[in-house]
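What follows draws every value from the coordinates through simple rules; no lab data is involved. Computed from a predicted model, the values in this text were never measured in an experiment. Using ideal geometry, Cβ is built from the backbone for each residue, glycine included, and neighbour counts are taken over all protein chains shown.
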Amino acid sequence: MTALFNLVSGSASFVTASRRLQLWSSLSPADKPAIFQYERDDTYTNGKQYLPIVEMNVDLYIYTAPGMDSGITPISILNPLIDAVDAALAPSIVTKRQTLGGLVSHVWIDGKIMKDPGDLDGDGIAVIPIKILATV
């Protein structure tokens, strides 16, 4: 989890980064953009040759503060941050997978990315679902 956090938190110019989730309302606009890593659930199964496989689920929360300036399109602030995380999680050209430096089998964005760019209230958020697959 530390390797994942180091990778994604360094992917863009986040002002605030933490493995402890905070509510976006607890951060000032000066504290954003922010990224938080929230560990959800793990599932253990038996894999080949009865080696336990663990599937870990993580959500990355990205907060932005585009404000209410009508000259700013809020999604234009949020999308590049999502793109930076996506690029950081890109698979290796050689192995065709992201392994966090060989610590896990695979890491990838898994599912729908929830986005609220902040058009109505000036606070943007994205939640990126991450799946990690490892043998124990």
TODO: Please find, in a Gaussian network model of the chain (springs between Cα atoms separated by less than 10 Å), the residue of Ser13, Ser70, Ser105 whose mean-square fluctuation is greatest.
DONE: Ser70
Open item on the list: With a cap of 16 neighbouring Cβ atoms within 10 Å, and only residues DSSP puts in a loop, list the trypsin sites (Lys or Arg not before Pro) found in the range 1-72.
Closed with: Arg19, Arg20
Task: Nearest-20 debye value, the chain charge dipole, Cβ charges on Lys, Arg, Asp, Glu - done: 560
Task: Cα long-axis angle, helix 75-88 against the chain (0 to 90 degrees, to the nearest 10) - done: 20
Open item on the list: With volume of the Cα convex hull per residue in Å³ as the read-out, I listed [x] 108; [y] 142; [z] 125; which label goes with the value calculated from this structure?
Closed with: [x]
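Which value in deg cm²/dmol, rounded to the nearest 500, describes the helix-derived mean residue ellipticity at 222 nm for the chain, given -39,500 (n - 2.57) per DSSP H run of n ≥ 4 and division by the residue count?
Taking each H run of at least 4 residues, the total per residue is -5000 deg cm²/dmol.
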Open item on the list: Would the range 1-41 count as rounded, prolate or oblate if I go by the C-alpha gyration tensor, calling it rounded below 1.5 in a/c and otherwise prolate when a/b exceeds b/c, oblate otherwise?
Closed with: oblate
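R0 = 25 Å: FRET efficiency of Asn6 with Asn79, Cβ-based, nearest 0.05?
Working: r = 23 Å, r/R0 = 0.91.
It comes out at approximately 0.65.
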Task: Cα→Cβ-extended label distance, 7 Å offset, between Leu51 and Asp119, nm - done: 4.8
